[in-house]
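Colleague: I am attaching a structure below and will ask some questions about it afterwards.
The values are calculated or read from the model by the stated rules, or taken from the named source; none is laboratory data. Please read all numbers here as calculations on a predicted model, not as lab measurements. Ideal geometry is used to build each Cβ from the backbone, glycine not excepted, and the neighbour counts take in all protein chains shown.
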Amino acid sequence: MPVETVVWLAINAFVGLVTLFSALYVTRTPEMTDAADSPSSGDPPPLSGGATDIDGNEN
Amino acid sequence: MESVNVYYAVSSLVFLAALLLVGYWLSRRQRVVSTHDFAVASRQMNAPRMVLMNIATYLSAVSLIGFTGYGYASGFALASFFFGTILGHLPLSLVARRLHSWHVSSIPEFVGQRYNSTMLRGWFGLIFIAIYTVYLMLNLVGVGVLLHSVAGLPIWLSELVVLLALMAYVALGGMRVTSLINSVQAVVILVVVTGGALIAIGTAGGFLALLDNVRAIDPTLLSATSDGALTPGILLGTTLGWMSGVACRADFGAQALSGSRARVAGWTLGLPAIVIVVTYFGLNLIGLSVRTQLPHLASADAAFPLFFREVAPNWTGWIMIFALLSGITAACDSYILTISTIVSNDIVKPIMHWRQATLARTERVSVNTARVTVLVSSAVAFVVSLSNLPLLALATLSLFIVWGAACFVPLYGGLLWRRGSMVAALSSSVVGIVLAAVWLNAPPFAPGSSALVSLVGSLVVYVGVSFLRQGTRQPEAAATQVLD
């Protein structure tokens with residue numbers, strides 16, 4: 001197998017692994033994760049009325 | 001006229017009937033109660049389900065056949081030519097937490113909130129509706145051709161039964177049921193591809209023996225650049241084009257938004273990339289195996305089905321059909337789900353708010369609109385796919401280039417840069433589309449340059465206009481809170 005092919009396959013695998021570990025890294029901290037999901041995280045108020053069900057109750 | 005292959009035809013119809021019944025049963029057990037629930041399952045999904053849904057959505061039957069065919073025709077050039085489809089997952093992975101922190105139901109809704117603009121939300125909504133409608137039609141064309149060539153079923157019948165099989169569970173179950181079904185289909189696809197690759201190696205007498213057989217047919221098949229035919233300029237263009245389109249997939253964004261925690265979004269956007277790398281390699285081996293055994297096929301697209309009919313043991317034929325049908329339905333249902341979500345959440349819902357409808361009425365109308373859109377989009381795609389338009393010509397890099405040119409800069413600018421303004425986002429999107437469309441039709445003096453030109457142009461406009469204009473106070477404050 002030509003060297004260039006081995007290199008390209010290795011690059012593909014490397015990028016795939018970097019993608020995985022990057023995603024896990026940026027979502028890594030439980031405190032940050034909890035803070036992002038909590039109501040007091042500073043998320044912008046939903047401009048479209050938020051998540052409510054068909055009967056008008058909030059989800 | 002092709003004669004019907006009773007074995008494959010019955011297998012296909014049994015699979016689709018089971019899908020219809022199981023999907024409908026699941027939908028009845030898990031009732032959709034809001035647009036948020038329809039679109040992102042009220043953000044209650046776990047990582048395994050969303051990762052598998054992501055994989056199933058990406059590995060459509062068109063992908064299985066197309067990548068195997070490319071491996072048949074061009075060998076390991078698949079690793080370089082489609083590298084951008086892997087790289088496109090990286091930007092998504094980097095913004096996984098930021099994206100998940102916006103409690104929205106769709107990518108256009110994020111754009112609308114980030115830039116405080118209903119118009120921009122509608123603009124992105126229309127772009128995604130157009131793109132996913134084209135992709136739905138492309139997949140239906142692929143469905144028709146595939147089942148016609150493999151099972152001898154009429155093209156129109158093949159497309160119709162596939163749509164009927166999935167419309168019910170998409171319309172009634174939304175993301176919750178669609179993701180569950182897709183996760184099972186992903187397992188089927190991965191098992192078949194892995195098994196196929198192992199069979200390809202085994203029938204050749206080993207991996208090195210397979211490479212020797214390929215070298216005897218055509219040594220350039222072993223080259224990742226087809227012995228230099230894929231120049232750095234071409235590869236740069238293809239990489240940027242594929243990358244920018246993949247990085248802007250609204251269905252991937254919705255899958256990340258469906259996670260119960262940011263870490264679920266991380267897994268959803270991070271793990272599929274390496275799985276797809278392995279899958280590409282497996283499909284490549286299958287394509288090369290067919291090339292050594294059937295070196296003079298009229299169409300490389302026949303490589304995948306013929307592998308299971310001519311190379312693999314006979315009993316694997318039905319598994320191949322199930323894998324292809326899984327890929328077909330997983331992609332189609334995801335595209336239909338995306339289209340119906342955007343129509344209801346990003347077109348109808350803002351209109352209802354503008355008309356000052358009550359929240360309850362808004363949700364009722366939006367959910368019903370989503371269900372109706374499932375039917376309408378399926379019908380439109382069905383009719384157009386039978387009209388002999390050159391749709392397959394669109395299933396190329398060109399569509400991804402235009403897609404990325406329209407969405408990449410404003411989307412990621414909005415996620416990563418607090419100074420990005422609404423006007424900058426809209427103008428960069430329009431400029432990107434124009435540059436991509438013009439450059440794609442320009443004399444090919446610089447192959448692959450359209451992606452580079454359109455992305456750079458879009459970025460320059462976005463940054464320049466943002467610096468020239470001050471964003472409004474509200475979006476900056478909102479963006480600052482999240483971007484901090």
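Colleague: From the residues in region B:26-41 that are polar (S, T, N, Q) and either surrounded by fewer than 19 Cβ atoms within 10 Å (Cβ to Cβ) or over 23 Å from the mean Cα position of the chain (by Cα) (or both), which one is farthest from the other protein chains (Cβ to nearest Cβ)?
Modeller: Ranking the candidates gives B:S27 first.
Colleague: Moving on. Can B:V134 be described as touching a residue at least 12 places away in the same chain (Cβ under 8 Å), touching a helix residue (DSSP H, G or I) at 6+ places or on another chain (Cβ under 9 Å) and under 30 Å from B:L415 (Cα atoms)?
Modeller: Against the criterion (touching a residue at least 12 places away in the same chain (Cβ under 8 Å), touching a helix residue (DSSP H, G or I) at 6+ places or on another chain (Cβ under 9 Å) and under 30 Å from B:L415 (Cα atoms)), B:V134 qualifies.
Colleague: Taking the criterion of being over 20 Å from B:C407 (Cβ atoms) and surrounded by fewer than 24 Cβ atoms within 10 Å (Cβ to Cβ), would at least one residue in region B:244-262 satisfy it?
Modeller: Within region B:244-262, one or more residues are over 20 Å from B:C407 (Cβ atoms) and surrounded by fewer than 24 Cβ atoms within 10 Å (Cβ to Cβ).
Colleague: Take region B:276-296 and flag every residue that is β-branched (V, I, T) and away from every other protein chain (no Cβ under 13 Å).
Modeller: Correct list: B:I286, B:V290, B:T292.
Colleague: Can I ask one more? I want to confirm something. Restricting to region B:96-132 and keeping residues that are of a type in the set (A, V, I, L, M) and facing chain A (nearest Cβ under 8 Å), which single residue is nearest to B:L269 (Cα to Cα)? First the steps, then the outcome.
Modeller: First, pick out the residues of region B:96-132 that are of a type in the set (A, V, I, L, M): B:96, B:99, B:104, B:107, B:111, B:119-120, B:126-127, B:129-131.
Right, trim to facing chain A (nearest Cβ under 8 Å) and you get B:96, B:104.
Values: B:A96: 7, B:V104: 17 Å.
My answer is B:A96.
Colleague: With respect to B:F15, is the statement that it is under 24 Å from the mean Cα position of the chain (by Cα), under 21 Å from B:V365 (Cβ atoms) and among the aromatic types (F, W, Y) true?
Modeller: Against the criterion (under 24 Å from the mean Cα position of the chain (by Cα), under 21 Å from B:V365 (Cβ atoms) and among the aromatic types (F, W, Y)), B:F15 does not qualify.
Colleague: Among the residues of region B:202-229, write down those that are more than 10 Å from chain A (Cβ to nearest Cβ) and part of a loop (DSSP other than H, G, I, E, B).
Modeller: Across region B:202-229, the qualifying residues are B:G205, B:G206, B:D218, B:S226, B:A229.
Colleague: Return the pair list, or none, for Cβ contacts closer than 8 Å from residues in region B:253-275 that are more than 13 Å from B:G88 (Cα to Cα) and more than 8 Å from chain A (Cβ to nearest Cβ) to residues that are basic (K, R) and part of a helix (DSSP H, G or I), at least 6 apart or on different chains.
Modeller: Matching pairs, first to second residue: B:L257/B:R43; B:S258/B:R43; B:G259/B:R43; B:S260/B:R43.
Colleague: In this structure, does B:R364 turn out to be part of a helix (DSSP H, G or I), modelled with pLDDT of 90 or more and more than 13 Å from B:L136 (Cα to Cα)?
Modeller: Numbers: part of a helix (DSSP H, G or I): yes; modelled with pLDDT of 90 or more: yes; more than 13 Å from B:L136 (Cα to Cα): yes.
Spelling it out, B:R364 is indeed part of a helix (DSSP H, G or I), modelled with pLDDT of 90 or more and more than 13 Å from B:L136 (Cα to Cα).
Colleague: For the condition crowded, with 21+ Cβ neighbours inside 10 Å and either assigned to a helix (DSSP H, G or I) or in contact with a Gly (Cβ under 7 Å, 6 or more places away or on another chain) (or both), what is the one hit in B:A73, B:A18, B:A77, B:A9?
Modeller: B:A77
Colleague: Here's something else I'd like to know. In the list B:S366, B:S387, B:S340, B:S344, which residue meets the criterion of being surrounded by 24 or more Cβ atoms within 10 Å (Cβ to Cβ) and either more than 14 Å from chain A (Cβ to nearest Cβ) or of a type in the set (A, V, I, L, M, F, W, C) (or both)? Quick ask: steps written out before the conclusion?
Modeller: Working: B:S366 fails: either more than 14 Å from chain A (Cβ to nearest Cβ) or of a type in the set (A, V, I, L, M, F, W, C) (or both); B:S387 fails: surrounded by 24 or more Cβ atoms within 10 Å (Cβ to Cβ); B:S344 fails: either more than 14 Å from chain A (Cβ to nearest Cβ) or of a type in the set (A, V, I, L, M, F, W, C) (or both).
None of the others qualify; the one that does is B:S340.
Colleague: Taking the criterion of being assigned to a helix (DSSP H, G or I), within 14 Å of chain A (Cβ to nearest Cβ) and at pLDDT 90 or above, would at least one residue in region B:147-162 satisfy it? Before you say what the answer is, go through the steps one by one.
Modeller: Taking region B:147-162 first, the residues assigned to a helix (DSSP H, G or I) are B:147-151, B:155-162.
Imposing the further condition that a residue be within 14 Å of chain A (Cβ to nearest Cβ) reduces the set to none.
No.
Colleague: With the requirement that a residue be at pLDDT 55 or above and outside any helix (DSSP H, G or I), what does region B:443-484 give you?
Modeller: Hits for region B:443-484 are B:P443, B:P444, B:A446, B:G448, B:R469, B:Q470.
Colleague: Follow-up. Is it true that B:G237 is more than 11 Å from chain A (Cβ to nearest Cβ) and either farther than 21 Å from B:A200 by Cβ or not in a helix (DSSP H, G or I) (or both)?
Modeller: So B:G237 passes the test.
Colleague: Additional query: Go through B:G266, B:G228, B:G241 for me and flag whichever is crowded, with 24+ Cβ neighbours inside 10 Å and at pLDDT below 90.
Modeller: B:G241
Colleague: Please go through region B:179-222 and give me each residue that is out of contact with any helix residue (DSSP H, G or I) (no Cβ under 6 Å at 6 or more places or on another chain), within 20 Å of B:S74 (Cα to Cα) and of a type in the set (G, A, S), ordered by number.
Modeller: Once the filter is applied, which keeps residues that are out of contact with any helix residue (DSSP H, G or I) (no Cβ under 6 Å at 6 or more places or on another chain), within 20 Å of B:S74 (Cα to Cα) and of a type in the set (G, A, S), region B:179-222 yields B:A209, B:A216.
Colleague: Inspect region B:302-317 for any residue being surrounded by 21 or more Cβ atoms within 10 Å (Cβ to Cβ), within 14 Å of chain A (Cβ to nearest Cβ), of a type in the set (A, V, I, L, M) and in contact with a Leu (Cβ under 7 Å, 6 or more places away or on another chain) and give the result as yes or no.
Modeller: Checked against the condition, which is being surrounded by 21 or more Cβ atoms within 10 Å (Cβ to Cβ), within 14 Å of chain A (Cβ to nearest Cβ), of a type in the set (A, V, I, L, M) and in contact with a Leu (Cβ under 7 Å, 6 or more places away or on another chain), region B:302-317 yields no hits at all.
Colleague: Taking B:A331 and the conditions (1) surrounded by fewer than 24 Cβ atoms within 10 Å (Cβ to Cβ); (2) in a helix (DSSP H, G or I), which numbered condition does it fall short on, given that it satisfies the others?
Modeller: Every condition holds for B:A331 apart from (1).
Colleague: To continue, here is another question. Give the number of residues within region B:104-131 that are crowded, with 24+ Cβ neighbours inside 10 Å and among the hydroxyl-bearing types (S, T, Y).
Modeller: Looking only at that region, the number is 3.
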